[in-house]
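A.B. asks: This is the structure I have questions about; it appears just below.
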Amino acid sequence: EVFQESFKPECHHFNGTERVRFLQKRNYNRQQYLHFDSDLGYFVADSPVSESAVRYLNSQSEILEDRRSAVDRYCRHNYEVSTPFLVGRQ
C-alpha cells in the first residue's frame, strides 16, 4: 500500500490585489482532511479525524501568523511578479 500526503496552496484574487484570499488544503490519500482559510484566519477540520490536529495547529501562534502572512508574502507577491507576463500573453 502507498500512503500519500499532499498540500495545495491557492490564491484567490478579487479585483487585482484589492481583496486576496489564501487557502492551503491538506490531503491524505486524496481525501482533504483540513485546510487553512485566510478569511477566517485559522485552520478548519474537514473530517473528524483531523480535529485534534486542527486544535494543535490553531494553538500555535507562530504557525497561524505564518499562514496569515501568506496573503502578502505568497499571493500578492506572486500576483505582482506574474501579472506583466500573463497580461502580455493575451
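The values are calculated or read from the model by the stated rules, or taken from the named source; none is laboratory data. The structure displayed is predicted, hence computed values, not measured ones. Reconstructed Cβ throughout: ideal geometry from the backbone, glycine too, with neighbour counts over all protein chains shown. What goes into the accessible areas is simple: the full protein's heavy atoms, side chains included, and nothing from ligands, DNA or RNA. Shrake-Rupley method; radii C 1.70, N 1.55, O 1.52, S 1.80 Å.
A.B. asks: Out of the range 19-38, which residues are touching a residue at least 24 places away in the same chain (Cβ under 8 Å) and exposed (fewer than 15 other Cβ atoms within 10 Å of the Cβ)?
C.D. replies: Asn29, Arg30
A.B. asks: Which one is modelled with the lowest pLDDT among residues in the range 7-59 that are under 15 Å from Arg73 (Cα atoms) and among the polar types (S, T, N, Q)?
C.D. replies: Thr17
A.B. asks: Here's a check for you: in the range 42-51, which residue that is hydroxyl-bearing (Ser, Thr, Tyr) and farther than 14 Å from Phe7 by Cβ is least open to solvent (accessible area, probe 1.4 Å)?
C.D. replies: Ser47
Residues are listed down the side, and each one gets a yes or a no for (1) assigned to a strand (DSSP E or B); (2) of a type in the set (Asp, Glu); (3) open to solvent by less than 70 Å² (accessible area, probe 1.4 Å):
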| position | (1), (2), (3) |
| --- | --- |
| Glu1 | no, yes, no |
| Ser6 | yes, no, yes |
| Cys11 | yes, no, yes |
| Thr17 | no, no, yes |
| Leu40 | no, no, no |
| Leu57 | no, no, yes |
| Val81 | no, no, no |
| Pro84 | no, no, no |
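A.B. asks: Return the pair list, or none, for Cβ contacts closer than 8 Å from residues in the range 5-17 that are farther than 23 Å from Leu34 by Cβ to residues that are surrounded by 12 or more Cβ atoms within 10 Å (Cβ to Cβ) and basic (Lys, Arg), at least 6 apart or on different chains.
C.D. replies: Phe14/Arg21; Thr17/Arg76
A.B. asks: Of all residues in the range 60-90, which are at pLDDT below 90 and of a type in the set (Ser, Thr, Tyr)?
C.D. replies: Tyr79, Ser82, Thr83
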